[in-house]
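Working notes, beginning with the structure itself.
No lab work stands behind these numbers, since they all come straight from the coordinates. If you're wondering where the values come from, they're calculated on a predicted model, not measured in any experiment. Ideal geometry is used to build each Cβ from the backbone, glycine not excepted, and the neighbour counts take in all protein chains shown.
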């Protein structure tokens, strides 16, 4: 009897560590991205309790991510985690351009050093005029657009996606919207989501 229980424990432990094939990808670790009403916390809890996937706190370790949105903002986040490899030709051109830029920068430093005194005089003149222009405000120019804004019109509609971190392929999706945003309802919704995922993984 004891031997049987020990073997059962080994089998259960192995299923936690084994990768699950879904959508043509092998997934063992997942990162649950922030979701509407904090649903991500409940989904992470049930994924762990049901031993469906290993939930990781570091998105760089994840084979896939759970999210309730897809679009440019998600693509931006995934690109930061797993940059798309450049083809050999483009990589060589990028490195060559970088070397040329470094060479031009070195030449520019010599020219800048020669013009330093002239620039210092010009700055003094500009400082004198600063008071007269202090009340004028010019439009702020954006030098860096930054990350794209999340696409919000499709959020809060109850659709969840499991997305491969590297290929950006949607491996699995489900519509399961909480009836309310109360903790108990969010927990029940997360349980239904994970139960359905587990069924789909087992082919039942």
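Each residue, residue 26 and residue 82, gets one label point 7 Å from its Cα in the Cβ direction; the gap between the two is 1.4 nm. Which residues among region 32-55 fall inside the zone where the amide N is under 19 Å from a point 7 Å beyond the Cα of residue 175, along Cα→Cβ? Under cut-off, by backbone N: 36.
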